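K.L.:
First, the structure itself, so that you have it in front of you.
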Amino acid sequence: MVEENTLLSVDNLKLYYSSDEGTVNAVDEVSFKLPKGPATVIVGESGCGKSSLARAILRLLPNNVDTYSGRVKLDGEDLMQLGKEEFRKGVRWTKMSMVSQSAMSSLNPVVKVGKQVAEPLHVHDMVNSKGEAQEKVQEAFERVEVPKDFLDRYPFELSGGMRQRSVIAMALVTNPQLVFLDEPTSALDILTQTNIMNSLKKVEQELDVTFTLITHDVSTSSELAQRAMVMYAGHIVEITDAEHFFGEPLHPYSRKLMASIPTLHEEKELEFIPGKPPDLQDPPEGCRFADRCPSRFDKCSEEPPLEEVKEDHRVKCWLHL
């Protein structure tokens, strides 16, 4: 990957949670670079650490954090050197924002949608008047194809799809460089999912914004993503362009994921991944996918590095190293 095109650089990022049963290694020494422009999907099973990774980058941390360390750079700026208030004012929502999984839980049911979408503008002193804020909100609504009269409606008066579009508008209203989309179309019907993905593609073309899509739904991610990162048990196990991921993945976990998805153009016997993911309170030594991997051999008792095995294609697997 060309260094000059790197928007986000993450090195040895850790986010561990404390629980009554022990420490959960949700994000465990994760390193990657995210380019400007093309959308990236972070895909993996539920509980693998995808959402925790985004929250670690945005410092949206719960109270039960045990370990939080590593380096995060945005456009060359080391964000981990910023104080809590400095990060809140100068980075979160102004340079990076996030669309949470449940739109209804992100919106206050007793406050009109337009006022909520405008809130980041006022909090970060990005407008001088309510009129200017309303104008920017209208622009954001127009980008995601929400009628302007919806500004004066309450969340419960909107459909699930329109609520989700409103939350996306809130993430875009400050014109951030990077937007994380955490399961942005979950719990929506197929037609609404497709329409929202089409709107996001349109926004990506019109604005200088980089989307990072977090999902376990591989088929939906193919609509938007041009790059793919596969996450398993707190680790990134494969990074490549979308064409190679959807057509020729290398990691055994990625291969199993793709083999479990039906296709329209060919008949195939769907596969499943045997066993269950490891307990992140007591992760195994060596490759974390080894116990479920059909290609396991002796070397898998040692943890493999995430290495580039082809041009712009990195994989964490001894089979390819």
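K.L.:
Over the range 174-302, what is the relative contact order in percent, taking alpha-carbon pairs closer than 8 angstrom and at least six residues apart?
P.N.:
Averaging sequence separation for qualifying contacts and normalising by length gives 16 percent for the range 174-302.
K.L.:
Which whole-number percent gives the relative contact order of the chain, counting Cα pairs below 8 Å spaced six or more residues apart?
P.N.:
20
K.L.:
For the range 170-321, count the residues as N, evaluate 2.2 N^0.38 Å, and divide the Cα radius of gyration by that value, please.
P.N.:
1.16
K.L.:
Right, here's the next one. Give me the orientation-averaged projected area of the Cα convex hull of the range 118-213, in nm², one decimal.
P.N.:
Spelled out: convex hull of the Cα atoms, projected over all directions, averaged, 6.2 nm².
K.L.:
Mind computing the radius of gyration and Dmax over the alpha-carbon atoms of the chain? Å is fine for both.
P.N.:
Rg and Dmax of the chain, Cα atoms, are 20.2, 66 Å.
K.L.:
Using alpha-carbon pairs under 8 Å, 6+ residues apart, how would you state the relative contact order of the range 114-261 in percent?
P.N.:
Relative contact order for the range 114-261 comes out at 18 percent.
K.L.:
So how far apart, in nm, are the two label points at GLU132 and ILE190 if each is 7 Å from Cα heading toward Cβ?
P.N.:
4.7
K.L.:
Give me P(r) over the range 64-190, computed from all C-alpha to C-alpha distances, binned every 5 Å, as integer percentages.
P.N.:
Bin by bin from 0 Å, the calculated values are 2, 11, 19, 21, 19, 13, 9, 6, 2, 0.
K.L.:
If you find the alpha carbon centre of the range 100-125 and of the range 185-231, how far apart are they in angstrom?
P.N.:
21
K.L.:
Sticking with this one: So what's the net charge close to PRO262: Lys and Arg +1, Asp and Glu -1, counting the other residues with Cβ under 15 Å from its Cβ?
P.N.:
-3
K.L.:
Could you work out how far the C-alpha centroid of the range 24-91 sits from that of the range 282-312, in angstrom?
P.N.:
A separation of 24 Å, based on Cα centres.
K.L.:
Compute a Gaussian network model of the chain, connecting alpha carbons closer than 10 Å, and tell me which residue from LEU172, LEU188, LEU53 fluctuates the most.
P.N.:
It is LEU188.
K.L.:
Continuing with the same structure: With just the Cα atoms of the range 1-103, tell me how far they stretch along each of the three principal axes, in Å, largest first.
P.N.:
44, 32, 31
K.L.:
How much mean residue ellipticity at 222 nm does the chain get from its helices, if each DSSP H run of length 4 or more adds -39500 (n - 2.57) and you divide by all residues, to the nearest 500 deg cm²/dmol?
P.N.:
-8500 deg cm²/dmol
K.L.:
Please identify, among TYR68, TYR16, TYR253, the residue showing maximal mean-square fluctuation in a Gaussian network model of the chain using a 10 angstrom Cα cutoff.
P.N.:
Highest fluctuation of the listed residues: TYR68.
K.L.:
GluC sites (Glu not before Pro), restricted to the range 1-62: which are DSSP loop and have at most 12 other Cβ atoms within 10 Å?
P.N.:
Counting only loop positions with at most 12 other Cβ atoms within 10 Å, the GluC sites (Glu not before Pro) in the range 1-62 are GLU21.
K.L.:
How much of the accessible area of the range 179-321, in percent, comes from carbon and sulfur atoms when a 1.4 Å probe is used?
P.N.:
Result for the range 179-321: 47 percent of the exposed heavy-atom area is carbon or sulfur.
K.L.:
For the range 138-207, give the magnitude of the charge dipole about the Cα centre (Cβ charges: +1 Lys/Arg, -1 Asp/Glu; no others), in debye to the nearest 20.
P.N.:
Values: 7 positive and 11 negative charges, 8 e Å.
Using Cβ point charges on Lys, Arg, Asp and Glu, the range 138-207 gives about 40 debye.
K.L.:
Using all C-alpha to C-alpha distances in the range 232-321, build P(r) with 10 Å bins and read off the rounded percent in each one.
P.N.:
16, 47, 31, 6, 0
K.L.:
Here's another thing I want to ask about it. Quick one: accessible area per residue over the chain, 1.4 Å probe, rounded to a whole number of Å²?
P.N.:
Details: 15580 Å² over 321 residues.
For the chain, the solvent-accessible area averages 49 Å² per residue.
K.L.:
Rg/Rh for the range 199-253 to two decimals, with Rh computed the Kirkwood way over all alpha-carbon pairs.
P.N.:
1.00
K.L.:
Magnitude of the Cβ-charge dipole of the chain, K/R +1 and D/E -1, about the Cα centre, nearest 20 debye? Mind showing how you got there, number by number?
P.N.:
Working: 36 positive and 51 negative charges, 156 e Å.
I would put it at about 740 debye.
K.L.:
Carbon-plus-sulfur fraction of the accessible area of the range 90-152, 1.4 Å probe, in percent? Provide the component values of the computation, followed by the final result.
P.N.:
Values: 1510 of 3300 Å².
Here it works out to 46 percent.
K.L.:
For the chain, set up a Gaussian network in which alpha carbons nearer than 10 Å are linked by springs, and say which option among VAL110, VAL237, VAL24 fluctuates the most.
P.N.:
Of VAL110, VAL237, VAL24, the most mobile in the Gaussian network model is VAL110.
K.L.:
OK, next. Label-point separation (nm) for ASP125 and VAL110, each offset 7 Å from Cα along Cα-to-Cβ?
P.N.:
Placing both labels 7 Å along Cα→Cβ, they lie 3.1 nm apart.
K.L.:
Return the aspartates and glutamates within reach of LYS276: Cα separation strictly under 14 angstrom, same-chain partners fewer than 8 residues apart disregarded; answer none if there are no such residues.
P.N.:
Reachable aspartates and glutamates: GLU45, ASP291.
K.L.:
Between THR263 and ASP152, what is the spin-label point distance in nm, taking each point 7 Å from the Cα along the Cα→C-beta axis?
P.N.:
Distance between the two pseudo-spin positions: 5.2 nm.
K.L.:
Under a point-charge model restricted to the Cβ atoms of Lys and Arg (+1) and Asp and Glu (-1), what is the dipole moment magnitude of the range 1-154 relative to its Cα centre, in debye to the nearest 20?
P.N.:
My answer is approximately 300 debye.
The values are calculated or read from the model by the stated rules, or taken from the named source; none is laboratory data. Remember, predicted model here, so these are calculated numbers, not experimental data. In this analysis, Cβ positions are derived from the backbone assuming ideal geometry, glycine residues included, and neighbour counts consider all displayed protein chains. Note: accessible area is taken over every heavy atom of the protein model, side chains too, but ligands, DNA and RNA are not part of it. Shrake-Rupley method; radii C 1.70, N 1.55, O 1.52, S 1.80 Å.
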